Amino acid sequence: MLRGLRPMAYVKMAAVTALFLGGGPALVLYLQPTPEELFERYSPELKRKALEERPQRLKEYQEFLDELKEFSKSDKPIWVLQEEAAKKKRKEALRQERRKIRQEAKRRATMLQEQLEGQ
């Protein structure tokens, strides 16, 4: 112990430290609104929009959790697996887009052929 401080000073310092360490978070919890209180402060149109989008957000969150569970079964890091999955999704989206373009071109060619034959 330090020789110059009296025992009462240690008690005061401990009390102030306990007040700051416990009182600060307690004050934040007291002042911070709950999610329900925040939702009640929304404007009616924002409430309606939030309620309409809620099922979609829950679905996306559940898909994310399922994906994480699947990734956790692998030995690779999750961020590597997420990157690989994103690449696969982009490739699949490009494939589908190309397929749509080809089908549209084929449909247009067929329509043009039919129009030319009809004249």
Inset, instruction - Mind listing whichever residues of the range 27-52 are among the aliphatic types (A, V, I, L, M) and surrounded by 10 or more Cβ atoms within 10 Å (Cβ to Cβ)? - result: LEU27, LEU38, LEU46, ALA50, LEU51
Inset, instruction - Test each condition in (1) out of contact with any helix residue (DSSP H, G or I) (no Cβ under 8 Å at 6 or more places or on another chain); (2) assigned to a helix (DSSP H, G or I) for ASP75 and report the one that comes out false. - result: (2)
Legend entry - Elements of type helices (runs of 4 or more DSSP H) in the range 1-72, at least 3 residues being at pLDDT 90 or above, under 30 Å from GLU84 (Cβ atoms) and within 23 Å of the chain's Cα centre (by Cα): 44-72
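The values are calculated or read from the model by the stated rules, or taken from the named source; none is laboratory data. It should be emphasised that the depicted structure is a prediction, and the values quoted were computed from it without experimental measurement. Neighbour counts run over all protein chains shown; Cβ positions are idealised from the backbone, glycine included.
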